[in-house]
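*Asks:* Just passing along the structure, written as structure tokens.
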Amino acid sequence: MTEEERQRTMEFILHTQAQLSANDHKHDERLSRLERIAKLMVRAGLRARKEMREQDARWERRFTALAESQAHSDRRLDALIDIVRADRNGRSS
């Protein structure tokens, strides 16, 4: 092997190592980016879950209030029906 061939071989090896190093760096950057994206997705998911729980609690309070209001209306209607029946029973006797 001549000195020139040896020199070209060494340059090839150095160039290949530089490319491998650059590729490793790019790979690390991609992984780092994917890790950041994954963290953002997890945070977004946790935030959405929290918001859904809060919305569920608000709906639960609204449904409870509506049920209580309906029960109150039912009691008043029952009382009115009792008054009407008592009035009719009083007249027909």
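*Asks:* So how much slack lies between Asp24 and Phe12, counting 0.36 nm per residue of separation and subtracting their Cα-Cα distance, in nm?
*Replies:* Computed gain between Asp24 and Phe12 is 2.5 nm.
*Asks:* Given only helices, namely DSSP H runs of n ≥ 4 each adding -39500 (n - 2.57), what is the per-residue ellipticity at 222 nm of the chain, to the nearest 500 deg cm²/dmol?
*Replies:* So the calculated ellipticity at 222 nm is -37000 deg cm²/dmol.
*Asks:* Round to the nearest 10 and give me the degree value, 0 to 90, for the angle of helix 3-92's Cα axis relative to the longest principal axis of the chain.
*Replies:* Roughly 0 degrees, rounded to the nearest 10.
*Asks:* So if I take the alpha carbon set of the chain, get Rg, then get Rh from the Kirkwood formula, what is the Rg over Rh ratio?
*Replies:* Taking Rg over the Kirkwood Rh, I get 1.85.
Any read-out appearing in this document is the output of simple, stated calculations on the displayed coordinates, not a laboratory observation. The model shown is predicted, which means the values in this text are computed figures rather than measured ones.
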